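Heads up, the thing below is written out as structure tokens.
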């Protein structure tokens, strides 16, 4: 079903054959954004490797129907897209909700994952209050649309001192998102599983990235994930909030480049059995 997803699929214009094959990179956006949140990384990394950035179901140019009803639907869409694009294995990178989708991908098809990048995200399931809050927000978005919400949270998504052009880009993504798609995702996300135990069983390298001033997913959450993962690096980006890949793209890209170089040199290891 996933070929209906809109996506970017970029790579070298004249592919050369490196001594060590470069692992494809798949970038999964957060809520309520679209694949353009990865524009700096697409530009940087597609110079020498394949980089794929989909719009999740209900976001960007991907249709909101049929609506996602279970959080694993996002991961299954990505798996089907990988099949369609003939990507056998890849590094999966996700930010915020995208990071949780990446964790779900590892839960469902670990044998296809060569590395994990978990940015400004957290693994725990929703609390009862969190479920009520997300359900209420879904109702609000359906009733009011996206603009009021976007205005309220903009300076938490990015730091108040972020460049004006970054704020404008983030605000455009939020207001352009389908309320129906966002509401369906909020309800599904409210009922996602807990990935805490899964992280302790990850057999591939991981990179945990967080903005130093992120109030949605604070540095303490990133440190806890870093401690749980068997083979992980942690990078805290000063002067950023919830979207360091846009707020400080050069520093984010340096951390990601170092991580990708390590994954490129590593032979695939046996994946754990599916649960």
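Laboratory data are not the source of any read-out in this text; all were calculated from the coordinates shown. Keep in mind that what you see is a predicted model, and the values were worked out from it rather than measured. Note that we place each Cβ from the backbone using ideal geometry, even for glycine, and neighbour counts take in every protein chain shown.
If you take the square roots of the eigenvalues of the alpha-carbon gyration tensor of the chain and sort them as a ≥ b ≥ c, do you get rounded (a/c under 1.5), prolate (a/b over b/c) or oblate? The shape class here is rounded. Taking every DSSP beta bridge that has both ends in the chain, the antiparallel portion is near 15%. A crude spin-label estimate for the pair residue 224 and residue 151, with each label 7 Å from Cα along the Cβ direction, gives 3.4 nm. Axis angle, to the nearest 10 degrees, between helix 164-176 and the longest C-alpha principal axis of the chain: 70 degrees. When 84, 251 are arranged by Cβ crowding within 10 Å, least crowded first, meaning fewest neighbours, the order is 84, 251. Helix 97-108 axis versus longest C-alpha principal axis of the chain: approximately 50°, rounded to the nearest ten. Here the label points at residue 61 and residue 161, each 7 Å from Cα along the C-beta direction, are separated by 3.7 nm in the simple model. If you plug the beta carbon distance of residue 212 and residue 125 into 1/(1 + (r/R0)^6) with R0 = 30 Å, you get a FRET efficiency near 0.70. Length available on full extension from residue 194 to residue 88: 0.36 nm per residue minus the Cα-Cα distance, which gives 35.5 nm.
Extension gain for the segment residue 176 to residue 261, taken as residue separation times 0.36 nm less the Cα-Cα distance, is 27.1 nm to one decimal. Enclosing the Cα atoms of the stretch 61-115 in their convex hull gives a volume equal to 89 cubic angstrom per residue. So, R0 is 25 Å and r is the distance between the beta-carbons of residue 4 and residue 70; what FRET efficiency does that work out to, to 0.05? About 0.90, to the nearest 0.05. For the pair residue 47 and residue 133, the difference between a 0.36 nm per residue extended length and the Cα-Cα distance amounts to 26.8 nm.
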